[in-house]
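The next block holds one structure in the form of structure tokens; read it before the comments.
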Amino acid sequence: MTLPQRTALVACLLPILTIALSYFLTVQGGHKPWCVPYFEGCTTITATGVYYPAAYVFRAGLISAAVVFILWWYCVRAWLESVGRPEHHPWIHRIVTFAIIASMLLIASIAVLGEHMLPPSDHRFLWRFHTATAGLFFLVTALCQIMMTVRMRQLQRELNIKFSRIASKQILAVLQLLLLAAFVLILLLDLKTEGVEEIFEWWLATFSCLYFYTTFHDWRDFRLTRQEKSQAMRQDDDLQGVSA
């Protein structure tokens, strides 16, 4: 398994497992009820990481995940540049920059969480800061993933991306776009009902995490570091020597 593949796998699984474990600990502590938040909207992702000991897991897991997100975006840029003549598409660099900044905002957003923010009425600035930075992370990451899908589709042949793999990227990108459009429409028409924002948050976070995994198989032969490349070349030479 290559370093980029490990990055894609961890970027997908680490946040999902962190949120799931934090929710379990929060419910076990009696702070939130058991439910299916994807359909019931009974709690926010943030609420699963406020109360201790879940807050320790939530902070450590998602801050670590944000660092892996940054590495994933770096891998994507290097991957596209390996075949795509980046000088003709400077907007790719901007997308990666915005995505990395968004991941840094996630770190700042998670770092302030904890029971010290309760009751919310006494810590409005911290809650507004968390809400703003987390919201920007979700929005910018979704948009950057959508834009990256467009570029990957353009370079599908050069990158040797199979139809099923590019289709999975496109499906996740479209789902994120539809979620964002529906959410904006609800806000503009003032159609908000209880639990709707929470449901959108859970689905958007899940789609974003799954998108990170879509590059796992694409990166089977992609080497990020010189050491990886040299090891791959030695392995190829050994295989050729055995076959000869």
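The values are calculated or read from the model by the stated rules, or taken from the named source; none is laboratory data. Computed from a prediction, not measured in an experiment: that's the story for all the values here. Methodologically, a virtual Cβ is constructed for each residue, glycine included, from the backbone with ideal geometry; neighbour enumeration extends over all protein chains shown. Note: accessible area is taken over every heavy atom of the protein model, side chains too, but ligands, DNA and RNA are not part of it. Shrake-Rupley method; radii C 1.70, N 1.55, O 1.52, S 1.80 Å.
Can you find a residue that is open to solvent by less than 10 Å² (accessible area, probe 1.4 Å), assigned to a helix (DSSP H, G or I) and modelled with pLDDT of 85 or more anywhere in region 86-94? Checked against the condition, which is being open to solvent by less than 10 Å² (accessible area, probe 1.4 Å), assigned to a helix (DSSP H, G or I) and modelled with pLDDT of 85 or more, region 86-94 yields no hits at all.
Within region 144-163, being of a type outside the set (D, E, K, R) and open to solvent by less than 80 Å² (accessible area, probe 1.4 Å) holds for 144, 145, 146, 148, 149, 150, 152, 155, 156, 159, 161. Which of the residues belonging to region 1-31 are polar (S, T, N, Q) and open to solvent by less than 70 Å² (accessible area, probe 1.4 Å)? Listed by number, the residues that qualify are 2, 5, 7, 18, 22, 26. Scanning region 32-56 for residues that are touching a residue at least 12 places away in the same chain (Cβ under 8 Å), farther than 25 Å from residue 179 by Cα, surrounded by fewer than 21 Cβ atoms within 10 Å (Cβ to Cβ) and not hydroxyl-bearing (Ser, Thr, Tyr) yields 32, 53.
Within the option set 54, 78, 47, being small (Gly, Ala, Ser) and under 28 Å from residue 152 (Cβ atoms) holds for one residue only, 78.
Within region 120-143, one or more residues are in contact with a Phe, Trp or Tyr (Cβ under 6 Å, 6 or more places away or on another chain) and either open to solvent by 70 Å² or more (accessible area, probe 1.4 Å) or over 22 Å from residue 66 (Cα atoms) (or both).
Filtering 221, 190, 237 for residues that are modelled with pLDDT of 80 or more and either open to solvent by 80 Å² or more (accessible area, probe 1.4 Å) or more than 30 Å from residue 49 (Cβ to Cβ) (or both) leaves a single hit, 221. Given the criteria farther than 27 Å from residue 220 by Cα, aliphatic (A, V, I, L, M), open to solvent by less than 60 Å² (accessible area, probe 1.4 Å) and in contact (Cβ under 8 Å) with a residue 24 or more places away in the chain, does residue 111 qualify? Yes; evaluated as a whole, the condition is true for this residue. Taking the conditions exactly as written (open to solvent by 50 Å² or more (accessible area, probe 1.4 Å) and of a type in the set (Phe, Trp, Tyr)), does residue 69 satisfy them or not? Taking the combined requirement at face value, the residue does not satisfy it.
Assess whether residue 99 counts as being in contact with a Cys (Cβ under 6 Å, 6 or more places away or on another chain) and in a helix (DSSP H, G or I). Yes; evaluated as a whole, the condition is true for this residue.
Among the residues of region 20-38, write down those that are touching a helix residue (DSSP H, G or I) at 6+ places or on another chain (Cβ under 6 Å) and within 18 Å of residue 59 (Cβ to Cβ). Answer for region 20-38, where residues must be touching a helix residue (DSSP H, G or I) at 6+ places or on another chain (Cβ under 6 Å) and within 18 Å of residue 59 (Cβ to Cβ): 21, 22, 23, 25, 26, 32.
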